[in-house]
Each structure stands twice: as C-alpha cells, then as structure tokens.
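Visitor: First, the structure itself, so that you have it in front of you.
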Amino acid sequence: MQGKSPDNAAIEFAQAIGLLVRRIRAAASGHELSLSESAVLGRLAKDGPATTAELARAESVRPQSMGATVATLEETGLVHRKPHPTDGRQVKIELTAKGTAVRNSAKDAKRTWLAQAMAQLSDDERETLFKAGEIIKRLADS
C-alpha cells in the first residue's frame, strides 16, 4: 500500500480491475454484444437450455429485462426457443450454432488480447499476476 490509506488502495484496486475488464471487453467489441447478452450466451453454453425465468434468476435480473435480452438474441439468430420437455406452458431458450460461433469468436478475441498483454510482462510479473488471480477469485467467491 506504500503511503496509501486502505480505502484509497481499495478504490484504486477496483478501478484497475474495472479498467482491465473494459479493455478485455473492448477486444471483442466487433461482436456487438452487451454485457447481459454475453452473460446469457455464456450461461446457456455452460448450463444448457433454460427458461427465461431461470436465466433471470441466475443473472439476478427481472424476468422482463431477461425477456428483452432473450428477444434481442433471438432476433439476431443467436438463440432460439424450443418447447419445454415436460411443461407445455413454458419454452426453453437454447443457443444456436451461430450463437455458439459468436460466443467462441468473442472469447478467442478476449483471450488473444490478454495473452498479448501478458506477454509484455516479465516472468516475475506474470507469476505475481497468477497469484493475484487466485486471491481475486477467493475474494469474488466470498
């Protein structure tokens, strides 16, 4: 912390993390997905088909907001609706092949940017960064 108050250090840390996240997202900006759209594609890729209500709960948003996000993704052909296997009143949202391709392309662009940025660090800096990543994950999980 060297001369910084704990509050100022925490603020600067949060700002640095925010800047890194924005830079990583900018690397995939050609895909034109919002943060919520990217989160939905990621969740569907990881967990499989889900109802709009399930997606809303998982992302901690209102069902109406998730409905709008899903509608946008459906209009662009990234997801489609399919009948719920056991409840005729519901539909499941599922990734399309195009949705998977867009998601993978965005992930690749982000990964490439980060790898190039990290390649500019020294071996010691990279090791410190990896250790910090473990600590940040513990913070996020707490």
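Visitor: List pairs: first residue in region 113-125 and within 21 Å of ARG22 (Cα to Cα), second residue assigned to a loop (DSSP other than H, G, I, E, B) and of a type in the set (Gly, Ala, Ser) anywhere in the structure, Cβ distance under 9 angstrom, at least six positions apart or on different chains.
Guide: TRP113/ALA28
Visitor: Then there's this: Restricted to region 9-39, and to residues that are hydrophobic (A, V, I, L, M, F, W, C), part of a helix (DSSP H, G or I) and in contact with a helix residue (DSSP H, G or I) (Cβ under 6 Å, 6 or more places away or on another chain), which residue is modelled with the lowest pLDDT? Give the steps one after another, and end with the answer.
Guide: Here is the first cut: in region 9-39, the residues hydrophobic (A, V, I, L, M, F, W, C) are 9-11, 13-14, 16-17, 19-21, 24, 26-28, 33, 35, 39.
Of the ones still in play, those that are also part of a helix (DSSP H, G or I) are 9-11, 13-14, 16-17, 19-21, 24, 26-27, 35, 39.
Of the ones still in play, those that are also in contact with a helix residue (DSSP H, G or I) (Cβ under 6 Å, 6 or more places away or on another chain) are 24, 27, 39.
Working: ILE24: 87, ALA27: 84, ALA39: 91.
Only one residue fits best here, namely ALA27.
Visitor: Specify which of the listed residues (GLU74, GLU94, GLU12) is out of contact with any His (no Cβ under 7 Å at 6 or more places or on another chain) and among the charged types (D, E, K, R).
Guide: Numbers: GLU74 fails: out of contact with any His (no Cβ under 7 Å at 6 or more places or on another chain); GLU94 fails: out of contact with any His (no Cβ under 7 Å at 6 or more places or on another chain).
The conditions single out GLU12.
Visitor: Would you mention how many residues in region 87-104 are exposed (fewer than 13 other Cβ atoms within 10 Å of the Cβ) and either of a type in the set (Val, Ile, Thr) or within 15 Å of the chain's Cα centre (by Cα) (or both)?
Guide: Here is the first cut: in region 87-104, the ones exposed (fewer than 13 other Cβ atoms within 10 Å of the Cβ) are 87-89, 97, 101, 104.
If we keep only those that are either of a type in the set (Val, Ile, Thr) or within 15 Å of the chain's Cα centre (by Cα) (or both) too, we end up with 104.
So the count comes out to 1.
Visitor: If only one of ALA115, ALA109, ALA132 is under 27 Å from ARG43 (Cα atoms) and either open to solvent by 70 Å² or more (accessible area, probe 1.4 Å) or touching a His at 6+ places or on another chain (Cβ under 8 Å) (or both), which one is it? Show your work before the answer.
Guide: Working: ALA115 fails: either open to solvent by 70 Å² or more (accessible area, probe 1.4 Å) or touching a His at 6+ places or on another chain (Cβ under 8 Å) (or both); ALA132 fails: either open to solvent by 70 Å² or more (accessible area, probe 1.4 Å) or touching a His at 6+ places or on another chain (Cβ under 8 Å) (or both).
Unique residue meeting the criteria: ALA109.
Visitor: I'd like the residue in region 14-69 that is small (Gly, Ala, Ser) and over 25 Å from LYS82 (Cβ atoms) and, out of all such residues, is surrounded by the most Cβ atoms within 10 Å (Cβ to Cβ).
Guide: Kept after step one, since they are small (Gly, Ala, Ser), are these residues of region 14-69: 14, 16, 18, 26-30, 34, 36, 38-39, 42, 45, 48, 50, 53, 56, 58, 60, 65, 67-68.
Then keep just the ones that are over 25 Å from LYS82 (Cβ atoms); that gives 14, 16, 18, 26-30.
Numbers: ALA14: 10, ALA16: 10, GLY18: 10, ALA26: 12, ALA27: 19, ALA28: 21, SER29: 10, GLY30: 10.
The selected residue is ALA28.
Visitor: Also: Surrounded by 15 or more Cβ atoms within 10 Å (Cβ to Cβ), part of a helix (DSSP H, G or I) and among the aliphatic types (A, V, I, L, M), is that true of LEU73?
Guide: Values: surrounded by 15 or more Cβ atoms within 10 Å (Cβ to Cβ): yes; part of a helix (DSSP H, G or I): yes; among the aliphatic types (A, V, I, L, M): yes.
The answer is yes for LEU73.
The values are calculated or read from the model by the stated rules, or taken from the named source; none is laboratory data. Everything numeric in this text was worked out from a predicted model, so none of it was measured. For neighbour counting, all protein chains shown are included, and Cβ atoms are generated from backbone atoms with ideal geometry for every residue, glycine included. Only protein heavy atoms, including side chains, enter the accessible area calculation; ligands, DNA and RNA are left aside. Shrake-Rupley method; radii C 1.70, N 1.55, O 1.52, S 1.80 Å.
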